[in-house]
Amino acid sequence: MLVALAGGVGAARFLRGLVRVVPPEDVTVVVNTADDDVFWGLAVSPDLDTVTYTLAGTEHPEQGWGLAGETFRVIDGLARYGVDPWFRLGDRDLATHLYRTSRLADGATLTEVTTEIAAAWGVAPRIVPMSDDRVATRVTVGRDDGREETLAMQEWFVRERAASTVVAVDFEGAAESRPAPGVLDAIAAADTIVVCPSNPVISIGPLLAVPGIRDAMARRRDRVVGVSPIIAGAPVKGPADRLMGPLGIEVSCVGVARAYADFCGTLVIDSGDAAHAPALEAAGVRAVVADTLMTDARVAAALARHALDAVA
Ligand code: GDP
Ligand code: CA
């Protein structure tokens with residue numbers, strides 16, 4: 001059995017490769033839910049949906065969220081009422097949020113609803129939220145006039161296009177949250193645990209902030225292998241660099257290794273970063289060099305193979 005800790009797009013690309021080299025039903029994916037929010041009364045879980053849609057092969061190929069071939073008639077219809085629907089949701093994607101919201105209102109847990117949604121899309125790996133409790137990423141930014149303001153993750157990332165300078169990141173509710181049912185047992189029992197190439201601060205960070213998960217990982221350190229989301233000192237995509245720097249994490253595979261060193265014994269870094277291997281070893285993390293830019297599922301599968309072999 002295999003466990004993967006996952007954010008959104010970077011994780012989903014990796015998982016698409018992973019399920020080509022191991023039986024998909026042997027994989028449990030534990031997904032960040034701290035990007036979740038409520039829009040127009042609907043419970044939206046961006047990373048759960050990205051992972052589910054990508055494993056179903058129905059993800060939007062460029063956008064990084066939502067379904068392929070989407071239309072936006074419903075959300076654009078809000079313009080009539082003079083509101084700015086800055087967080088866009090596609091028409092078909094809306095069905096997922098309607099379903100999730102109504103099931104949660106019926107009293108189902110997020111874990112239960114996530115299983116139902118994955119089954120409906122024919123996804124074989126077990127997809128679980130990190131927690132059934134509400135954990136929310138809050139980004140504190142500095143304004144030009146010196147004031148600080150705390151924003152919801154999507155307000156910073158989508159509405160403000162990740163442009164404002166980050167001062168701090170908090171995971172509201174994390175300290176009181178519990179891991180979703182089965183998460184700690186899965187980590188304890190797994191042959192291998194993969195930390196997907198996801199944003200270390202706002203995708204993997206919230207998972208580690210749920211009490212018990214980081215310790216459970218640390219106990220399996222020799223079986224934990226990560227894939228660096230940072231290649232040649234920059235994220236492949238997304239705002240990781242705008243979050244790591246201000247939080248004192250060097251924007252490099254070395255910075256990732258140091259941030260993960262207590263629970264991740266091995267880190268796969270990109271071939272172009274091979275010169276950094278000694279710095280990883282100095283941080284106590286074994287370096288494995290591979291091609292980590294996942295241009296297609298074939299590259300992702302080869303990368304997954306490398307990662308698994310490294311801790312086999
Ligand atoms: P998000 O929630 O959709 O932002 O998803 P993640 O946190 O899972 O993914 C964002 C991270 O994935 C970024 O830090 C990227 O650098 C990383 N990423 C995306 N594509 C690739 C890739 O092909 N290779 C590697 N190594 N990292 C990638
Ligand atoms: Ca996300």
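Points to keep in mind about this one:
Here is a yes/no grid of residues against (1) over 16 Å from residue 203 (Cα atoms); (2) in contact with a helix residue (DSSP H, G or I) (Cβ under 6 Å, 6 or more places away or on another chain):
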position	(1), (2)
100	yes, yes
107	yes, no
116	yes, no
120	yes, no
138	no, no
142	yes, no
148	yes, no
168	no, no
171	no, yes
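- Residue 172 vs. criteria open to solvent by 80 Å² or more (accessible area, probe 1.4 Å) and among the acidic types (Asp, Glu): yes
- Which listed residue, of 268, 299, 256, is under 30 Å from residue 142 (Cβ atoms) and within 12 Å of ligand 1 (Cβ to nearest atom): 256
- Any hit, the stretch 95-114, residues being open to solvent by less than 60 Å² (accessible area, probe 1.4 Å), out of contact with any Phe, Trp or Tyr (no Cβ under 6 Å at 6 or more places or on another chain) and modelled with pLDDT under 95: no
- Given (1) open to solvent by less than 60 Å² (accessible area, probe 1.4 Å); (2) within 16 Å of ligand 2 (Cβ to nearest atom); (3) over 18 Å from residue 159 (Cα atoms), index of the condition residue 13 fails: (1)
- Some residue of the stretch 81-91 being part of a helix (DSSP H, G or I), surrounded by 13 or more Cβ atoms within 10 Å (Cβ to Cβ), more than 20 Å from the chain's Cα centre (by Cα) and in the same structural domain as residue 204 (by TED's automatic domain parsing): yes
- Checklist (1) in contact with a Leu (Cβ under 6 Å, 6 or more places away or on another chain); (2) under 25 Å from residue 49 (Cβ atoms); (3) polar (S, T, N, Q) applied to residue 192, failing item: (2)
- Scanning the stretch 187-234 for residues that are part of a strand (DSSP E or B), surrounded by fewer than 20 Cβ atoms within 10 Å (Cβ to Cβ) and in contact with a Gly (Cβ under 9 Å, 6 or more places away or on another chain) returns a single hit, 231.
- Listed by first and then second residue, the pairs linking a residue in the stretch 47-58 that is aromatic (Phe, Trp, Tyr) and open to solvent by less than 10 Å² (accessible area, probe 1.4 Å) to a residue that is within 11 Å of ligand 1 (Cβ to nearest atom) and part of a loop (DSSP other than H, G, I, E, B), with Cβ atoms under 9 Å apart and 6 or more places separating them unless they lie on different chains, are 53/65.
- Restricting the first member to the stretch 208-237 and to residues that are hydroxyl-bearing (Ser, Thr, Tyr), and the second to residues that are crowded, with 19+ Cβ neighbours inside 10 Å, the beta-carbon pairs closer than 7 Å and six or more apart or on different chains are 228/197; 228/253; 228/256; 228/267; 228/268; 228/269; 228/270; 228/292.
- Check on residue 52, assigned to a helix (DSSP H, G or I) and within 16 Å of ligand 1 (Cβ to nearest atom): yes
- Qualifying residue in the stretch 59-78 (condition: away from ligand 1 (no atom under 16 Å from the Cβ), under 27 Å from residue 238 (Cα atoms) and open to solvent by less than 20 Å² (accessible area, probe 1.4 Å)): yes
- Qualifying residue in the stretch 275-285 (condition: in a helix (DSSP H, G or I), under 30 Å from residue 141 (Cβ atoms) and open to solvent by less than 10 Å² (accessible area, probe 1.4 Å)): no
- Of all residues in the stretch 290-300, those being within 14 Å of residue 22 (Cα to Cα) and open to solvent by less than 10 Å² (accessible area, probe 1.4 Å) number 1.
- Selection of the stretch 180-237 for residues being among the polar types (S, T, N, Q) and within 16 Å of ligand 2 (Cβ to nearest atom) yields 198, 199, 203.
- Top-ranked residue of the stretch 1-33 - restricted to ones that are part of a loop (DSSP other than H, G, I, E, B) and over 16 Å from the mean Cα position of the chain (by Cα), ranked as nearest to residue 292 (Cα to Cα): 22
- Residue match in the stretch 96-106 (condition: part of a loop (DSSP other than H, G, I, E, B) and aliphatic (A, V, I, L, M)): no
- Checked against (1) open to solvent by less than 30 Å² (accessible area, probe 1.4 Å); (2) closer than 30 Å to residue 27 by Cβ, residue 184 meets all criteria but (1).
The values are calculated or read from the model by the stated rules, or taken from the named source; none is laboratory data. Every value quoted in this text rests on a predicted model; they were computed, and no experiment measured them. Glycine gets a Cβ as well: all are built from the backbone with ideal geometry, and neighbour counts include every protein chain shown. Ligands, DNA and RNA are stripped out before the accessible areas are found, and what is left, the full protein with its side chains, is counted by its heavy atoms. Shrake-Rupley method; radii C 1.70, N 1.55, O 1.52, S 1.80 Å.
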